[in-house]
Amino acid sequence: MNISNITTKHWHNLEDLEYAEFIDEYLPIFIYLLVLGVIGTFGNAHVLLVYSQRYSPSNHRIFIIWLAAVDFFSCTVSIPFEMYDIRYRYTFNASWACKVFRFLNHAASVSSGFLLGLIALERFRKACQPTKTQMTIKQAKISCIVTLLTSSFLAVPAVVIYGANVSETFHPGIIGSDCTSLTKYQSPFKIYSGALLLFSTCVFVMCIIIYIFVGNVLYKQMQFRKRVQMRRKMLYALSSASINTHGSTLKLTNGSVGSLDRIEIEDDHSSINNERLKIQKNSTGSNNQLQLQKRRAKISRSRRITLMFLVATSVSYLGYLPNTVFSVIKALDTAMFTAIAMKLGASVYIFLRLYFISNVTNPIVYSFMDERFREECRAYYRRLKERLVHCPNITKKKDDC
């Protein structure tokens with residue numbers, strides 16, 4: 001049946017049917033995407049602002065900024081397009097718009113997966129191979145650019161496969177046009193969907209294996225630091241006891257802990273030398289304690305960053321998996337997909353678009369697992385509040401604020 005005849009004869013009825021279904025079944029999905037878009041835009045804007053202005057240059061900072069930029073793009077471009085596609089499920093006729101936005105959507109999704117894999121490799125090399133040459137900041141930037149270009153290349157098939165596809169709707173005898181895979185490209189669509197599923201699974205498995213090795217190394221480092229700390233406490237206790245019980249010269253050297261300085265205490269009955277001895281002991285102890293605290297803070301932050309990226313990778317894969325699985329089912333057996341869609345109702349479109357969760361949850365993960373990020377956000381709003389309080393009139397000159 002020709003779509004032009006259907007459009008001419010049933011255009012008004014098709015629009016009414018489309019709008020009625022949207023209100024009855026798909027409005028919750030529309031609102032769900034709207035909420036994701038608003039939260040994701042707000043959260044990723046904070047990530048871009050804080051990490052670009054408040055963090056010193058590092059690989060960690062570069063990866064976070066690139067990942068946040070991809071997430072911000074998805075929330076401001078991909079999600080609004082999906083909302084439009086849901087609203088006009090039967091009357092989407094802009095084929096080139098469909099091709100362009102599907103290409104951008106796939107490029108952003110693949111780029112996000114590549115970036116998470118790249119981050120995992122960088123964390124592995126830094127934690128498990130610290131003596132080898134590490135990735136420089138310039139190399140990190142180049143890697144992100146190559147990742148984006150590679151993702152764009154892998155998304156090119158979407159330009160061919162997708163379009164304004166004319167087919168029968170869920171209502172027998174009623175023909176509509178939707179932004180989906182074209183009927184004539186079902187075989188390439190099957191291969192492409194399978195390749196994306198294989199890609200996402202491989203990246204996730206690789207990241208899990210890498211983070212297991214990294215976690216094992218960090219755990220061993222943590223146990224080693226605990227043992228060193230206990231030895232130092234014992235050495236300080238022994239040195240204090242020796243000072244109280246001996247009046248002669250005491251020399252204590254620790255050969256097992258390289259960072260502990262040799263302690264020399266010489267006996268002198270004058271009050272000046274005794275005071276000097278106390279100051280020297282307190283100074284040495286405080287310096288060692290400060291160094292120990294810095295190392296422990298560094299290890300603790302490294303663990304949090306690693307765990308943070310692991311959580312972000314897991315959420316990304318779990319969100320992307322339902323979309324790919326449903327796409328494969330649709331490609332292999334359209335009748336089965338239709339039966340599943342009829343049984344699940346409008347919720348099937350939530351599963352198909354669940355991958356947007358990762359674009360929204362990454363800033364939330366950073367907020368929970370990066371204490372400095374939380375503090376910088378609070379500091380930013382404190383400065384903003386002070387600026388508004390001291391300069392409430394926006395017409396005032398900058399020098400007057």
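Observations on the model:
- Residue count, the range 59-104 (criterion: of a type in the set (S, T, N, Q) and crowded, with 17+ Cβ neighbours inside 10 Å): 4
- Any hit, the range 294-306, residues being of a type in the set (Gly, Ala, Ser), surrounded by 18 or more Cβ atoms within 10 Å (Cβ to Cβ) and at pLDDT below 70: yes
- Hits in the range 325-340 (condition: at pLDDT below 75 and under 15 Å from ARG353 (Cβ atoms)): SER327, LYS330
- Meets criteria (surrounded by 15 or more Cβ atoms within 10 Å (Cβ to Cβ) and part of a helix (DSSP H, G or I)) for LEU149: no
- Qualifying residue in the range 207-222 (condition: assigned to a strand (DSSP E or B), modelled with pLDDT of 80 or more and either assigned by TED's automatic domain parsing to the domain that holds SER111 or surrounded by 14 or more Cβ atoms within 10 Å (Cβ to Cβ) (or both)): no
- Test result for LEU36, assigned by TED's automatic domain parsing to the domain that holds THR201, within 30 Å of HIS171 (Cβ to Cβ) and under 16 Å from the mean Cα position of the chain (by Cα): yes
- The C-beta contact set for the range 128-139 (first residue under 19 Å from PHE213 (Cα atoms), second residue outside any loop (DSSP other than H, G, I, E, B) and modelled with pLDDT of 85 or more, distance under 6 angstrom, 6+ apart or interchain) comprises CYS128/PHE213; MET135/ASN59; MET135/GLU122.
- Residues located in the range 119-130, provided they are surrounded by fewer than 21 Cβ atoms within 10 Å (Cβ to Cβ) and in a helix (DSSP H, G or I): LEU121, PHE124, ARG125, LYS126, ALA127, CYS128
- If the condition is being closer than 24 Å to GLU25 by Cα and either assigned to a helix (DSSP H, G or I) or under 27 Å from the mean Cα position of the chain (by Cα) (or both), then the range 87-100 contributes ARG87, CYS98.
- Looking only at the range 186-206, and only at residues there that are surrounded by fewer than 18 Cβ atoms within 10 Å (Cβ to Cβ) and of a type in the set (Ser, Thr, Tyr), the one that is farthest from SER327 (Cα to Cα): THR201
- Test: residue in the range 161-179 that is in contact (Cβ under 8 Å) with a residue 24 or more places away in the chain, surrounded by fewer than 16 Cβ atoms within 10 Å (Cβ to Cβ) and within 30 Å of the chain's Cα centre (by Cα): no
The values are calculated or read from the model by the stated rules, or taken from the named source; none is laboratory data. Since we're looking at a predicted model, the values are computed, not measured. No Cβ is skipped: glycine too gets one built from the backbone with ideal geometry, and neighbour counts run over all protein chains shown.
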